[in-house]
Amino acid sequence: MPLLQLRDVTKAYGGIIAVNGASFDVAEGEITALIGPNGAGKTTAFDTISGVVVPDSGAITFDGEDITGLMSHVITKHGLGRTFQITRELSDMTVLENMVVSTISNDLGSLLRSRIAADERDRAMELLAFVGIERLADEPAKSLSYGQRKLLEFAAVLMTEPRLILLDEPAGGVNPALLERIMDRIEEINRKGVSFLIVEHNMDVVMRLSHSVVVMAHGQVILQDTPQVVREDHRVLDAYLGDV
Amino acid sequence: MIDFLVTAGILVAFFVILASGLNLQWGLTGLANLGPVGFFALGSYVSGLVMIPPPEVTGFVTDTFVISLGLPWPVGLVAALIVTGVVATVIGWMLLRTDTAPLFVAVITLAFAEIFFLLIITQKWLANGFNGIRGIDRPLGNLVEFGTYERFFLVVMVVAAALVFWFVRHVEASPYGRVLKGIREDPAAVAALGHDVRRFRISAFVLGCLVLALAGALWTPFVTVVEPSAFGTEQTFLVWAVLIIGGAGNAWGPLVGGLVIIGLIQQGTRFLPATGEIAELTVRLRGVVIGLLFILFLRFRPKGLVPERARRILPEDP
């Protein structure tokens, strides 16, 4: 059974149907890419999965459990982490603070403690080293470059120990050297068994990383197959050229 | 001179507590409470009603109170905190959601303060309307020699302000405070990291209101009178001025803001040589100066005299 399943998910904003009966799967252990022209409904699909918006109809299951319409933080606790298209780091806080925010407990016990546990700090530093920005740990997040913020956001999601990570345009606006590092780290985490669902416009990235590609256009899923098949399918080209 | 310093010190400590309460809400969590005076008044009224003896004892026989228990100050203080805690929890629970816009928080809290004020002045049976609660006994009033009571009270206020300062510093540095700051900067991102934003917002709102109510309950026995005219909107403005000019988001801000705005400008200007018309002008100009400073700070130094800094994380001792 797939790790994540969307069945007939629909979300409309007023008269605009952003996602219209979308169904697709993310298999456990795989990297699935979600592509499509601007306005295809990719980000809205992401938002329904991660609980930022509640779908009007349809069902979303994660590891066999129905997670449709649950609140964001509950979905994260299920083991599903996400990043945002425009990075949403906590800019006035340090890089390390951004990292450890997720490990803090939700009860008032966190008010009584005065420091962060040493092992949590170590794990945060380890992950910062993994993405290569550990020397920036005590800098405010707002001083980071855009690409570094993408890395920070990725590392911060890893702190929540997710089983599935949703990345919204990890390659967007990132320079080639940093892009290589981001792709490399995604593959390494994937080898450890973590699944990915990635929205991406850069086809080189999609072709290199993904095991499966979902193509959306006008809020609907028009195809889900291997990258090789998708590349040859005329419907995909049509969708991008606005001829569907 | 000494008397003046004592009074000024009491007022400074008082505003440090109020601004610290607002700091928990606005400075750390980004909740724009525009009705701090409402929660301050609530604390003041509840403690006053618990402490006031029945009208036939005080001698003001026409006064009417919903309750008049004549209990000691500590009971009034605890009652004020409990009632404010309940009221703040209900307001927070209704108002604060993961995606509540700051403007809504501002409007609703402002409305709360206004409603409370109107309730007090129109419903005389509650707390004697315009005339307020008169004849509250000063705690330990018979022990402390007449005339030195202000000095005794200064010590009480400074100790209370120090405790509140320590508490805000602790919250600021605690993991809990880190989540609050995260929520202030991006609620959706913090929710995506697995935090119940609503719960954190409500608890921070309640904590802030409790500190505001504490100030109210401390104020009651000092002035011995709780009357509506003490809780005008200008108090809300002063608390905000102290917090913003001092620096929101760190515990030192309200302390520095209190010393500068209340100590130096509001109280210090009493030393200006002034008689007759000029004296009256000084009183009015005080508000103008504080208002002007407020605007200038918002425009040119929005982080205040003591700007918040990103904190380095120290490891927990093993």
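Read the figures in this text as sums done on the coordinates, not as results from a lab. The structure displayed is predicted, hence computed values, not measured ones. FYI the Cβ positions are ideal-geometry reconstructions off the backbone, even for glycines, and counts take in every protein chain you see.
Structure notes:
- Average projection, convex hull of the Cα set of the protein assembly as shown: 31.4 square nanometres.
- Highest average packing first - B:277-290, A:98-111, B:44-57, A:76-89, Cβ atoms within 10 Å: B:44-57, A:76-89, A:98-111, B:277-290
- Legend: translational diffusion of the range B:153-196 by Stokes-Einstein, Rh = Kirkwood radius over C-alpha pairs, 37 °C, 0.692 mPa s; D = 274 µm²/s.
- Count, lysine Cα pairs under 18 Å in the protein assembly as shown, 8 or more residues apart or across chains: 5
- Gained length - residue A:1 relative to residue A:65, 0.36 nm times residue gap less alpha-carbon distance: 21.9 nm
- Over the protein assembly as shown, dividing the summed -39,500 (n - 2.57) contributions of all DSSP H runs of at least 4 residues by the number of residues returns a 222 nm mean residue ellipticity of -16500 deg cm²/dmol.
- For the range B:24-30, backbone phi angles converted through the Karplus equation (6.51, -1.76, 1.60; θ = phi - 60°) give residue-by-residue couplings of 4, 7, 7, x, 8, 10, x Hz, Gly and Pro being listed as x.
- Under Stokes-Einstein, with the Kirkwood radius over Cα pairs as Rh, the value for the range B:164-309 at 37 °C and 0.692 mPa s is 188 µm²/s.
- For the range B:50-149, the equivalent ellipsoid built from the Cα gyration tensor has semi-axes of 33, 18, 12 Å, listed from largest to smallest.
- Considering only Cα atoms, the convex hull volume of the range A:85-161 works out to 98 Å³ per residue.
- The Rg/Rh ratio for the range B:1-97, using Cα coordinates for both the radius of gyration and the Kirkwood hydrodynamic radius, is 1.07.
- Vicinal HN-Hα couplings computed from phi for the range B:82-98 (Karplus, 6.51 cos²θ - 1.76 cosθ + 1.60; Hz; Gly/Pro x): 5, 4, 5, x, 5, 4, 5, 5, 5, 4, x, 5, 6, 8, 9, 10, 4
- Note on A:104-110: average number of Cβ atoms from other chains within 10 Å of each residue's Cβ is 6.
- Lys/Arg +1, Asp/Glu -1 at C-beta; the range B:2-231 dipole; positive extreme among B:37, B:50, B:101: B:101
- Entry for chain B at q = 0.07, 0.11, 0.14 Å⁻¹: log10 I(q)/I(0) = -0.29, -0.71, -1.12, Debye formula applied to identical alpha-carbon scatterers, no solvent contribution.
- Normalised by the number of residues in the range A:85-161, the mean separation of alpha-carbon contacts (under 8 Å, six or more apart) gives a relative contact order of 51 percent.
- Compactness of chain A is given as radius of gyration and Dmax, 18.2, 60 Å, from Cα positions.
- Convex hull of Cα atoms in the range A:15-148, direction-averaged projection (nm²): 10.9
- Placing a label point 7 Å from the Cα of residue B:309 along the Cα-to-Cβ line, the residues of the range A:113-140 whose backbone N sits under 18 Å from it are A:136-140.
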